[in-house]
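> Sending over a structure as structure tokens; questions will come in a sec.
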Amino acid sequence: MKDTLLEVKNLEIDIQRKGSTPLEAVRGVNFSLAKKERLGIVGESGSGKSLTALSIMRLLHAPYEIRGEILFNGKDLSQLKDSEMARVRAQDLGMVYQDPTSSLNPVFTVGEQIIEAIQLAEDVSDKDARDRAIKLLEEVGVTDAKNRIDEYPHQFSGGMRQRVMVAMAISTNPKLLIADEPTTALDVTTQARVIELLNRIVEERNIAVILITHDLGVASSFCDRLAVMYGGKIIEEGAIGEVIKEPLHPYSKALVNSICTMTMDVSAPISAIGGQPPTLLSIPRGCTFHPRCPVAIQSLCEVKMPILEIVSQRRKASCHLLEKSR
């Protein structure tokens, strides 16, 4: 498509181990993202979500080994020289990390860090960069930005530190923003405010977004499309409303059923997914989800991995039950 901004093709990420076989952390991931689109990638811890995001940014180094294509505006980021990739990161890509406390440098003021991000991307004077940093802080809702720009990260609350991270991420007007679990370390009220902030910022600036989260509730309030990951693979993909209303994969169904809502019966037990996600040391043969799946066909699911296939328009899923129903 001519409006495609990002296309990830057959992404594989191995973790190399001295004297042992590599661990397969991400296994054949494919997806695309249109300009101005918001894609949510959801799944439990260890599913490969954050590694996928970091590979797009080219922030994974040894012992990680990455294969596949990462096409951004038609250019394969995996083939760029380090200096070329640094320029792309500075000008076209922004990232909000899940823990602003460890992402912000404690020995520099927030203003110094935002100014550095601006000047890495553009040749602007210290004064102009500072003025822009103040405006960015005001844009993300930091009150008294003219004075607070000279404060250090520890002088900000968790929610305000995350706002500073958003300001830094959008400081160069990126085409793509990757938000990796941006609300994980925050209380529920602050989570809502951060998502509201992201919603406003990307709407006003026409930025495409990849939101990495384990929270379907957060994804449903922000994203256009959803990709569900399990065991290093995408096992379902589709419009956010369709996936939540009618999930096709048993794992997606289990995630949807575990969502807590204001209208749920508090006297009834909360639905949970039995068992544990697979570890990289013991990825099951066949369908990765089959040991936890209540409807698995043991003779089939234990031995053969289902293919992620197009089920309907812009809807994909990988499940042997879907194959049998057609």
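> In percent, what relative contact order does the chain have, based on Cα pairs under 8 Å that are 6 or more apart in sequence?
Details: 577 pairs, mean separation 63.0, N = 326.
Over the chain, the number comes to 19 percent.
> Towards the positive end of the charge dipole of segment 64-189, with charges on Cβ (+1 Lys, Arg; -1 Asp, Glu), say which of Asn73, Tyr97, Ala167 has the farthest Cα.
Positive-end residue among those listed: Asn73.
> Using Cα atoms only, what is the angle between the long axis of helix 126-139 and the major principal axis of the chain, expressed in degrees (0 to 90) to the nearest 10?
Once rounded, the angle reads 50 degrees.
> Helix-derived [θ] at 222 nm for the chain: sum -39500 (n - 2.57) over DSSP H runs of at least 4, divide by residue count, nearest 500? Mind showing how you got there, number by number?
On the way: 13 runs with 111 residues, N = 326.
One gets -9500 deg cm²/dmol as the mean residue ellipticity at 222 nm.
> With +1 on each Lys and Arg Cβ and -1 on each Asp and Glu Cβ, how big is the dipole of the chain about its Cα centre, in debye rounded to the nearest 20?
Details: 39 positive and 42 negative charges, 180 e Å.
Charge dipole, the chain, about its Cα centre: 860 debye, nearest 20.
> To continue, here is another question. Which whole-number percent gives the relative contact order of segment 191-266, counting Cα pairs below 8 Å spaced six or more residues apart?
Values: 50 pairs, mean separation 14.7, N = 76.
It comes to 19 percent, rounded to a whole number.
> Quick one: plug the Kirkwood hydrodynamic radius of segment 176-272 (C-alpha pairs) into Stokes-Einstein at 10 °C, 1.306 mPa s, and report D in µm²/s. Present the calculation step by step, with values, prior to reporting the outcome.
Values: Rh = 14.6 Å.
So the translational diffusion coefficient is about 109 µm²/s.
> Something else: Rounded to the nearest 5, what % of the DSSP beta bridges within the chain are antiparallel ones? Mind showing how you got there, number by number?
Numbers: 31 of 49 bridges.
Beta bridges within the chain, antiparallel portion: roughly 65 percent.
> Here is a further query. Starting from 0 in steps of 10 Å, tell me what percent of the Cα-Cα pairs of the chain lands in each bin.
Percent of Cα pairs in each bin: 5, 24, 32, 24, 11, 3, 0.
> Taking Rh as the Kirkwood radius, which is the inverse of the mean 1/r over Cα pairs, what is the Rg/Rh value for segment 106-168? Don't jump to the answer; show the numbers that get you there.
Working: Rg = 10.6 Å, Rh = 11.4 Å.
Rg/Rh for segment 106-168 comes to 0.93.
> Using a 10 Å cut-off on Cβ atoms, rank the peptides 236-247, 123-134, 275-286 from the highest mean neighbour count down. Could you put the intermediate results ahead of the total?
On the way: 236-247: 19.1, 123-134: 14.4, 275-286: 12.6.
In descending order of packing, they fall as 236-247, 123-134, 275-286.
> Between the alpha-carbon centers of segment 134-157 and segment 72-124, tell me the distance in whole angstrom.
Cα centroid to Cα centroid, the span is 19 Å.
> Which of the peptides 200-207, 51-58 is most tightly packed, and how do the rest follow, judged by the mean count of other Cβ atoms within 10 Å per residue? Show your work: numbers first, answer last.
Values: 200-207: 14.8, 51-58: 21.5.
Packing order, densest peptide first, comes out as 51-58, 200-207.
> Which value, in debye to the nearest 20, describes the size of the charge dipole of segment 106-168 about its Cα centre when Lys and Arg Cβ atoms bear +1, Asp and Glu Cβ atoms bear -1, and nothing else is charged? List each step's numbers first, then the result.
On the way: 8 positive and 12 negative charges, 53 e Å.
Computed charge dipole of segment 106-168: roughly 260 debye.
Read the figures in this text as sums done on the coordinates, not as results from a lab. Please read these numbers as outputs of a predicted model, since none were measured by experiment. No Cβ is skipped: glycine too gets one built from the backbone with ideal geometry, and neighbour counts run over all protein chains shown.
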